[in-house]
Every structure is written in structure tokens, then in C-alpha cells.
Amino acid sequence: MIDPHGGRLIDGVLKGPERERRIAEAEHLPALHPHIDQVYDAEKIALGAYSPLSGFMDRNTFESVLASRRLPGGLPWTIPILFAPSDPRDAAVLAGVKGGDAVALVDGAGRRFAILTVSETFPYDKGRYAEATFLTKDPAHPNVADLLAAGPTAVAGKIALLHRLDLPVGRFELTPAETRQEFLRLGWKHVAAYQCRNPPHTAHEYLQRCTLDREDVDGLFIHPVVGRLKKGDYLPDVILACYEALVNNYYPKDRVLLSSLTVTMRYAGPNAALFYAIVRKNYGCDRYIVGRDQAGVGKYYDPFACHRIFDELPIEILPVRYPETFYCRSCGGMATTKTCAHPVSARVSTAQTLIREKLKKGEPLPPEVLRPEVAAILARGGEILND
Ligand SMILES: [Zn+2]
């Protein structure tokens, strides 16, 4: 099985008497209230999903990622993992905190779930952050908007996790240590990760099947990102129910593992594609499926830049890259721009916007677009967050 990024899986989860002692200690520490995005990030850091990061980035690491898309040691890394508190309750603590201090991090339920040992605090340039990471400073870009709302000072330091989070689809959430163990149990040597954030349509399934059919792939790890919701997003339990329907009705049980990845979606085109591949490497995957315009939003990214970045910044994972994929009426099946000779008019679109439009109007979704079991779940309505 592939080694974690940097060679070692980070484990910041406290256990036993040390955990008890630090839970008691946390009650008396000054507290900070991270935004939900950083609550998720803090837990993932402790669980090793962001290995080799063991905490929120310091200035040196942040600057290195912006300048070279690499960590100071040279390992590729494309997305800053910063904690820049913006909660008004944090102003007084933030004004006094310095390197060497320990602070408690409070989750949305008011629980002190982690201790952050501060290494330094530093101001950072949001414009440079946005341009290097999201390749735009446009405040209409969802992650740029989040960044503009973040605080002006980043707090760096190592995370020690006291409590696991209570997640919306927690029963699907596996840790990197758990998926690695599961892949071993299943006897999978080479595992392909599938990154997604929407219910599966036929083009998604086609990429999964083509990948699983490869000689050098033993198992498929379907790992939808289900972090903080934005207007128009599918609810996490709906996404997982749709995938469960696909996996249970169509795939061999010993070939596919379904789990959720609760982190806030980064739309950064190529930079996000590489970041999400690194995360899956930590979960034990050495193959990574990259379709057209992965982790894109709007028209900010060249749809195939997410393919090229794997040549620019090799990370030991084999990218399994696909051209545009669709159902072609003339071919009578799934096809790609590489395998189909017919005009665009012969294609049945699987675009999410079209699927959503049809759902809204109560129109049936044909089997060329969705499996009936998936269509039935989506047809129940109320699956999309509207406000
Ligand atoms: Zn065709």
C-alpha cells in the first residue's frame, strides 16, 4: 500500500490518561471559536488526513505553498490550511495569544474539542492567497468569499484532538487508519479514489467502472466531500444514500468502499484536484480518478488543468485521467470525446444543472442520465439546500 504523504500518518488524537488530563486542562485554557471550515480541518489534521501537516500552517509553510506549491521540505502541497479566527468572541484572546500558548478550540456545539499549541501568529495577504490558490481574486468565487470573511491574523500550531466531531453523516466517515486497515482486509493492493460532491450520474459511474476494470486497480474508494453546505448543495445524507443505492445495486461488494469526507469543498481547479489526491493518498489510495474540470466552479479554470498538474507536481499517485464523458444516442452507450465520432447533438447531457432543473419541474430523469434507484431518491424532493 502507498505510504502517506511525507511517509508517516500524523496521529494527533489523544487517548487514555493523557486525553483525560488534557480534557481537564482545556476547561481552563483561553478559547477560540473556529469557523466550521476550520473545525473540520482541525479534526482532519489530527486524524492524519492532511499528513504531513500536524497543525495549522505557520508563516514559513504558508509562504512556501503560495510561492512554490510545495511545503518547506519540498513535498507538493497546493492549498493553504490556515486558521484565521473571525468570531467576535475571540478578539480579546487573539490580541494576547503568542507562540508557546495553548488554546482550546470550541466546536459549533460549544464543546472544547481540541487544543492548539500556538507556534506563532501572523498577518497574511488575502489577495496573494486567493490568486495563488484559487487563481482568482473575484469575490463571487465561493472560497474567495470565505477568505474575505476570515480574520486578518492566522494562528499557527499543532492540533491535539480531545473529541471526535458529531458529523451529519458520521456513520460513513472513516479515518485514514481505518480505510488503510479495510483495504488490507479486502486484499486490495492498488486502490483508486473517486472524488465527488454530487449524487452519481451515469458519467460518474462510467469513470468508476473504466477505472475498476484496469488491470492495475483492485478496488474503488468512493469518497464524496460533504462539508459545509452552500445554497443549492445536495444534503450529505442524500448524496450518501444515492451512492449507497448505486454501490448496493450495481457493484460487487468486495470491490468498492464508500465513505464520506467531511471537509469544506475547495473549488480551486487544478490546485484542489492535487490537494484532494494528496488527501486520498493519506487514506491509502495510489490511483486517483480525474475527470474533466475536477473541483471547478463557474468558468475560472481550464477544464484540463486538473490533468496537467499531476505532471507538474508528481505525488507518487497515478492519476487516471479521462476526457469529457457522456451518453451518446448514436453509440448507444457511454462514450467520451476520445471514443465517439458523433455530433454533440447525439449526446445526452448529465450536467448537474440540467438534472436539478428536471428535478425542480418534477420531470422524469432517463436511465441514460441516472440509475432508477438514484433517480427515485432525488425525486422525493427536498434534497437541495435552498437557503
Ligand atoms: Zn457516439
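Some observations on this one:
- Going through (1) part of a helix (DSSP H, G or I); (2) under 28 Å from Cys285 (Cβ atoms) one by one, Asn60 falls short only on (2).
- Conditions (1) more than 16 Å from Thr264 (Cα to Cα); (2) touching a Ser or Thr at 6+ places or on another chain (Cβ under 6 Å): number failed by Ser64: (2)
- Selected residue (only one of Leu274, Leu258 is over 9 Å from the mean Cα position of the chain (by Cα), of a type in the set (A, V, I, L, M, F, W, C) and buried (at least 24 other Cβ atoms within 10 Å of the Cβ)): Leu274
- One residue alone among Ile309, Ile355 is open to solvent by less than 20 Å² (accessible area, probe 1.4 Å) and under 26 Å from Phe134 (Cα atoms), and that residue is Ile309.
- Residue within the range 378-386 that is within 16 Å of the ligand (Cβ to nearest atom) and among the aliphatic types (A, V, I, L, M) present: no
- Leading residue by the ranking (most open to solvent (accessible area, probe 1.4 Å)) among those in the range 11-29 that are over 24 Å from Lys98 (Cβ atoms) and not in a helix (DSSP H, G or I): Lys15
- Positions within the range 183-232 being part of a loop (DSSP other than H, G, I, E, B) and either modelled with pLDDT under 95 or within 21 Å of Glu373 (Cα to Cα) (or both), in sequence order: Arg197, Asn198, Pro199, Pro200, His201, Val226, Gly227, Arg228, Leu229, Lys230, Lys231, Gly232
- Checking each residue in the range 280-297 for being open to solvent by less than 10 Å² (accessible area, probe 1.4 Å) and of a type in the set (A, V, I, L, M) picks out Ile289, Val290.
- Taking the listed residues Asp286, Asp293, the one that is without any contact (Cβ under 8 Å) to a residue 40 or more places away in the chain and not aliphatic (A, V, I, L, M) is Asp293, with no other qualifying.
- Verdict on Arg347 being farther than 26 Å from Val226 by Cα, buried (at least 19 other Cβ atoms within 10 Å of the Cβ) and charged (D, E, K, R): yes
- Of note, Tyr300 does not satisfy the criterion of being open to solvent by less than 40 Å² (accessible area, probe 1.4 Å) and more than 16 Å from the ligand (Cβ to nearest atom).
- Of everything listed in (1) at pLDDT below 90; (2) open to solvent by less than 40 Å² (accessible area, probe 1.4 Å); (3) away from the ligand (no atom under 16 Å from the Cβ), the single unmet condition for Lys360 is (2).
- Within the range 314-357, considering residues that are within 16 Å of the ligand (Cβ to nearest atom) and touching a His at 6+ places or on another chain (Cβ under 7 Å), the one farthest from Arg214 (Cα to Cα): Ser330
The values are calculated or read from the model by the stated rules, or taken from the named source; none is laboratory data. Model, not experiment: these values are computed from the prediction. A quick note on method: Cβ atoms are made from the backbone with ideal geometry, for glycine too, and the neighbour counts reach across all protein chains shown. All accessible areas refer to the heavy atoms of the entire protein, side chains included, with ligands and DNA or RNA removed. Shrake-Rupley method; radii C 1.70, N 1.55, O 1.52, S 1.80 Å.
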